[in-house]
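Engineer: My questions will all concern the structure given below.
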């Protein structure tokens, strides 16, 4: 029996950099988790931060993560055999940040995939053999600011015109295929209708298990056509928030013999460190996880629940696209006091239809996206 353990997001932060630098793993993850990881034949984590001592942040929305190279001491002692780099932060410090990270991983003998000097290199899978069985790992990420292109470095983007073929070809070479998909909405414990279609299709193309990372919370599980889909496992160790989503997570244990068996080990964040959940906590975490897994079996649940979630988030999206107008202090105060009245008035039925057309129509979306990308890079006078 060959035992894998898949951990989620692993990011040294200001609160625990010294613990990583001094390789104080017993404090960072505790004896129980360390023993568990050491018992595995192969461990996988999502390294969601560039390791570099030089700050060169790219233009983007959201935080530009960075961790000093000295944190490799603690990362190495955790005992990772493999890091996926296909995520929305690996290019946060530009090309030099990615190069610094891969050079450091090479130096310390930690394998990786999912990012590279261009999209061809970033898309390369990781393949290894054990007891005559070939196992392939394919890493990809949804499109944000760190994806690779034909001519620029970054993470491997999920592209249905290419990625599904990549998985199908990988299955021809391997007995088992693991897909690490960095996507899904943060702080949402269920798949969107589209995410479910994507993950099911990945299984149909050959994946034995698809693990969605990025949501920063435990989601649910779906069994599909002989494969397993995990829609979110939370973080492994990423001390950037303290709430119901960030405070629990799962390790995924895979045992490969004549077949692949999947089980889950609950973890709890304790301030800036992580520990194995106690018996009562673990039972509660798994009970909720299996309840959500049962929920998605109900007809129309995923669409109806996602529609409710979209309604709860829409004002935030209106605010993001309303430009500088909504950032003026008087407007912000009026919006706050009147349930975002100005935002609601700005986006009437006709405006909503126009936005929907720009997002849904492939031609409009591609053109609008191209302009925004080129504008961010300073190619146009209209910023």
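The values are calculated or read from the model by the stated rules, or taken from the named source; none is laboratory data. Everything numeric in this text was worked out from a predicted model, so none of it was measured. Neighbour counts run over all protein chains shown; Cβ positions are idealised from the backbone, glycine included.
Engineer: Being crowded, with 20+ Cβ neighbours inside 10 Å, modelled with pLDDT of 95 or more, out of contact with any strand residue (DSSP E or B) (no Cβ under 6 Å at 6 or more places or on another chain) and part of a helix (DSSP H, G or I): is that true of residue 202 here? It would help to see each step written out before you state the result.
Structural biologist: Working: crowded, with 20+ Cβ neighbours inside 10 Å: yes; modelled with pLDDT of 95 or more: yes; out of contact with any strand residue (DSSP E or B) (no Cβ under 6 Å at 6 or more places or on another chain): no; part of a helix (DSSP H, G or I): yes.
No; evaluated as a whole, the condition is false for this residue.
Engineer: Considering each of 347, 317, 340 in turn, give the residue that is at pLDDT below 95 and within 27 Å of residue 247 (Cα to Cα).
Structural biologist: Of the residues listed, the single one that is at pLDDT below 95 and within 27 Å of residue 247 (Cα to Cα) is 317.
Engineer: Exactly one of (1) part of a helix (DSSP H, G or I); (2) crowded, with 21+ Cβ neighbours inside 10 Å is unmet by residue 231. Its number?
Structural biologist: Of (1) part of a helix (DSSP H, G or I); (2) crowded, with 21+ Cβ neighbours inside 10 Å, only one is false for residue 231: (1).
Engineer: Further question: Taking interchain pairs and intrachain pairs at least six residues apart, which have beta carbon atoms under 6 angstrom, with the first residue in region 91-115 and within 18 Å of residue 156 (Cβ to Cβ) and the second assigned to a helix (DSSP H, G or I)?
Structural biologist: Taking only residues 6 or more apart or on different chains, the pairs are 91/98; 112/105; 115/122.
Engineer: Moving to a separate point now. If you go through region 149-187 one residue at a time, how many are touching a strand residue (DSSP E or B) at 6+ places or on another chain (Cβ under 9 Å), surrounded by fewer than 21 Cβ atoms within 10 Å (Cβ to Cβ) and part of a loop (DSSP other than H, G, I, E, B)?
Structural biologist: Residues flagged as touching a strand residue (DSSP E or B) at 6+ places or on another chain (Cβ under 9 Å), surrounded by fewer than 21 Cβ atoms within 10 Å (Cβ to Cβ) and part of a loop (DSSP other than H, G, I, E, B) within region 149-187 amount to 3.
Engineer: A further question follows. Scan region 282-295 and tell me whether some residue there is farther than 30 Å from residue 15 by Cβ and touching a helix residue (DSSP H, G or I) at 6+ places or on another chain (Cβ under 7 Å).
Structural biologist: yes
Per-residue answers, yes or no, for (1) at pLDDT 95 or above; (2) surrounded by fewer than 21 Cβ atoms within 10 Å (Cβ to Cβ); (3) within 18 Å of the chain's Cα centre (by Cα):
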{"position": "52", "(1), (2), (3)": "yes, no, no"}
{"position": "59", "(1), (2), (3)": "no, yes, no"}
{"position": "71", "(1), (2), (3)": "yes, no, no"}
{"position": "80", "(1), (2), (3)": "yes, no, yes"}
{"position": "103", "(1), (2), (3)": "yes, yes, no"}
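Engineer: Just for region 116-132: of the residues that are part of a loop (DSSP other than H, G, I, E, B) and out of contact with any strand residue (DSSP E or B) (no Cβ under 6 Å at 6 or more places or on another chain), which one is surrounded by the most Cβ atoms within 10 Å (Cβ to Cβ)?
Structural biologist: Start the filter on region 116-132 by keeping residues that are part of a loop (DSSP other than H, G, I, E, B), which leaves 117-118, 123-125, 131-132.
Next, only the ones that are out of contact with any strand residue (DSSP E or B) (no Cβ under 6 Å at 6 or more places or on another chain) stay: 117-118, 123-124, 131-132.
On the way: 117: 16, 118: 14, 123: 23, 124: 15, 131: 8, 132: 6.
Restricting to residues being part of a loop (DSSP other than H, G, I, E, B) and out of contact with any strand residue (DSSP E or B) (no Cβ under 6 Å at 6 or more places or on another chain), the top hit is 123.
Engineer: Does residue 375 qualify as being assigned to a helix (DSSP H, G or I), under 26 Å from the mean Cα position of the chain (by Cα) and without any contact (Cβ under 8 Å) to a residue 40 or more places away in the chain?
Structural biologist: Considered against the rule, which asks whether it is assigned to a helix (DSSP H, G or I), under 26 Å from the mean Cα position of the chain (by Cα) and without any contact (Cβ under 8 Å) to a residue 40 or more places away in the chain, residue 375 comes out as no.
Engineer: Further, regarding this structure: Taking residue 219, is it modelled with pLDDT of 95 or more, touching a helix residue (DSSP H, G or I) at 6+ places or on another chain (Cβ under 6 Å) and crowded, with 22+ Cβ neighbours inside 10 Å?
Structural biologist: no
Engineer: Something else about it: Between 28, 19, which is touching a residue at least 40 places away in the same chain (Cβ under 8 Å), buried (at least 23 other Cβ atoms within 10 Å of the Cβ) and part of a helix (DSSP H, G or I)?
Structural biologist: That would be 28, the only listed residue that is touching a residue at least 40 places away in the same chain (Cβ under 8 Å), buried (at least 23 other Cβ atoms within 10 Å of the Cβ) and part of a helix (DSSP H, G or I).
Residue-wise test of (1) surrounded by 13 or more Cβ atoms within 10 Å (Cβ to Cβ); (2) closer than 30 Å to residue 227 by Cβ; (3) in the same structural domain as residue 7 (by TED's automatic domain parsing); (4) touching a strand residue (DSSP E or B) at 6+ places or on another chain (Cβ under 7 Å).
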residue: 251; (1), (2), (3), (4): yes, yes, yes, yes
residue: 258; (1), (2), (3), (4): no, yes, yes, no
residue: 280; (1), (2), (3), (4): no, no, yes, no
residue: 286; (1), (2), (3), (4): yes, yes, yes, yes
residue: 292; (1), (2), (3), (4): yes, yes, yes, yes
residue: 306; (1), (2), (3), (4): yes, yes, no, no
residue: 343; (1), (2), (3), (4): yes, no, no, no
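Engineer: Residue by residue through region 127-157, note down the ones that are touching a helix residue (DSSP H, G or I) at 6+ places or on another chain (Cβ under 7 Å) and on the phi > 0 side of the Ramachandran plot.
Structural biologist: The one that is touching a helix residue (DSSP H, G or I) at 6+ places or on another chain (Cβ under 7 Å) and on the phi > 0 side of the Ramachandran plot: 154.
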